[in-house]
């Protein structure tokens, strides 16, 4: 199981991480090795075995719909790289 | 009090209660010791001496008013991915280098409301991804037993600090062994509680179905005291369990017989211990194997019955873990987009380019590797082959444990197949680094509690023994560990610094 260079570039794009050509090459090699290791799972017969999401038997925990105090806007914005008034400032999402 | 004296929580608590020392004195001595050692150990990312002394003064007032608990006035370190209001919480990442939380994690809130003294934030592998603390974006932490070696990871700062006496105890987090493995490599006690026992609210997420906060302490009694303080239901964590109140420290009891494990089993008879052969892997160091075998003999001499057991799915646990954890991490770390907090690349008008460069500049190599690996495992066309397959393997691994816990009350294994290794020795080979986690990941996959206690030395470096039990068997594990500790003196060994 080995990854093509283009596959690494495609996944990096999906993950929104720009990689240098050296990183692409390194990850291509390392991730291929890891995927090779993962092949061990193909030995397991998992027919009709349900997946486990997490190991505790709790499902869809609900609480009463009561209002509570929340963080003040200035606190929420206190770590924002860019803000304007009570808003996070972002780059233009829609292009011309 | 001499700066050289290393007190446990229970020893310091007794001295505080009897007014032999004050929390301010204890905290000053602790800060002096940090001053002397930190240049060599590097266990702290952030030090908070003024805050610690203020908290110590308040603790002294509580003690004077007779309102102290077991942790009141005791100086400690918190891993730097546990949110602390007003105190930088970096996750050892450039991404969060200047991030100052505006709220406390539930565990931080619990400890501070009980009068804990925060010395600072502990070094770690970036976002808790790593087994050596070398993935910290800032600097590696050194093993106090040999400064050329790693302390383990990811909670390497916490384990090194407790071992070196830079903190009385520490809080870490354990996703695949990140409390137990560094505890083992530094010769201290580390517990990963049952998944859901300790609130994850305010713990910066790595792999949410596996993450659990746990104590790193000098001995088992301290471990029980910290566990008491951090467990409990939290409505802010939807996987938090509702459990009856328990006092794990009181539950340790006092052993007056030479064979405390002869009748401590849940069925009334001896504690039944299983030794899973699959954990004694190829490549395990002889010294580790010998120390753990000797520890098993000691447990038998204390009255436990010991039998070999088999967990055939163990050989799939690493692959299962290294698919599930990166998959969850790739989803969790999608939040770092340079908009709400953290590092932000601004030098472009293009939104996508800004995001890609923010993440390229903010994340270190191991984080990028896992985010990309996880994105691959979750991507269309590969989901069934990797992520779904790993989740099914997870079910089989759980069933294996369920079956074996019908036969025995707890499992005894090594915590790590190797003692502390040299800085730089494995960092360039992720496959080899990931193999270090072979004995610890199964408990995370199955949500089980696991504790590592010191059980000897090999090449002059500490070896840890791991006990794994069924869900919510913390008291049983602590009792077995306590009986072992009473019969041995490994936990009193400290590095010369």
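The values are calculated or read from the model by the stated rules, or taken from the named source; none is laboratory data. In this text, all values refer to a predicted model and were calculated from it rather than measured experimentally. Heads up, the Cβs are rebuilt from the backbone with ideal geometry, glycines too, and the neighbour counts pull from every protein chain shown.
In this structure, does residue B:424 turn out to be surrounded by fewer than 20 Cβ atoms within 10 Å (Cβ to Cβ) and either touching a residue at least 60 places away in the same chain (Cβ under 8 Å) or at the interface with chain A (Cβ under 8 Å from one of its Cβ atoms) (or both)? Yes, satisfied. Applying the selection to segment B:372-390, what residues are surrounded by fewer than 21 Cβ atoms within 10 Å (Cβ to Cβ), within 14 Å of residue A:7 (Cα to Cα) and at the interface with chain A (Cβ under 8 Å from one of its Cβ atoms)? B:379 - this is the single residue of segment B:372-390 that is surrounded by fewer than 21 Cβ atoms within 10 Å (Cβ to Cβ), within 14 Å of residue A:7 (Cα to Cα) and at the interface with chain A (Cβ under 8 Å from one of its Cβ atoms).
Counting only residues that are part of a helix (DSSP H, G or I) and facing chain A (nearest Cβ under 7 Å), segment B:321-341 holds 3 of them. Only one of the numbered conditions (1) within 23 Å of residue B:211 (Cβ to Cβ); (2) at pLDDT 95 or above; (3) more than 9 Å from chain B (Cβ to nearest Cβ) is violated by residue A:22, and that is (1). Whether any residue in segment B:404-411 is surrounded by fewer than 21 Cβ atoms within 10 Å (Cβ to Cβ), within 28 Å of the chain's Cα centre (by Cα) and without any contact (Cβ under 8 Å) to a residue 40 or more places away in the chain is what I want to check. Yes, some residue in segment B:404-411 is surrounded by fewer than 21 Cβ atoms within 10 Å (Cβ to Cβ), within 28 Å of the chain's Cα centre (by Cα) and without any contact (Cβ under 8 Å) to a residue 40 or more places away in the chain. Summed over segment B:177-198, residues that are part of a helix (DSSP H, G or I), closer than 16 Å to residue B:167 by Cβ and touching a residue at least 60 places away in the same chain (Cβ under 8 Å) total 2.
Does segment B:237-261 hold any residues that are over 21 Å from the mean Cα position of the chain (by Cα), within 14 Å of chain A (Cβ to nearest Cβ) and either surrounded by 13 or more Cβ atoms within 10 Å (Cβ to Cβ) or modelled with pLDDT under 90 (or both), and which are they? Within segment B:237-261, B:238, B:243 meet the criteria. Pairs meeting the criteria (first residue in segment B:342-359 and within 7 Å of chain A (Cβ to nearest Cβ) and more than 12 Å from residue A:18 (Cα to Cα), second residue modelled with pLDDT under 95 and surrounded by fewer than 15 Cβ atoms within 10 Å (Cβ to Cβ), beta carbons under 6 Å, at least 6 apart or on different chains) are B:351/A:93. The residue list B:414, B:470 contains one member that is farther than 30 Å from residue B:5 by Cβ, within 14 Å of chain A (Cβ to nearest Cβ), touching a residue at least 12 places away in the same chain (Cβ under 8 Å) and surrounded by 18 or more Cβ atoms within 10 Å (Cβ to Cβ), which is B:470. For residue B:365, the criteria (1) surrounded by fewer than 19 Cβ atoms within 10 Å (Cβ to Cβ); (2) at the interface with chain A (Cβ under 7 Å from one of its Cβ atoms) hold in every case but one, which is (2). Counting only helices (runs of 4 or more DSSP H) that fall entirely inside chain A and contain at least 1 residues that are surrounded by 17 or more Cβ atoms within 10 Å (Cβ to Cβ), the qualifying elements are A:5-14, A:21-38. Among the residues of segment B:290-313, the ones that are assigned to a helix (DSSP H, G or I) and out of contact with any strand residue (DSSP E or B) (no Cβ under 7 Å at 6 or more places or on another chain) come to 5 in all. For segment B:375-396, enumerate the residues that are part of a helix (DSSP H, G or I), in contact with a helix residue (DSSP H, G or I) (Cβ under 8 Å, 6 or more places away or on another chain) and farther than 12 Å from residue A:17 by Cβ. Once the filter is applied, which keeps residues that are part of a helix (DSSP H, G or I), in contact with a helix residue (DSSP H, G or I) (Cβ under 8 Å, 6 or more places away or on another chain) and farther than 12 Å from residue A:17 by Cβ, segment B:375-396 yields B:376, B:377, B:378, B:386, B:387, B:389, B:390, B:391, B:393, B:394, B:396.
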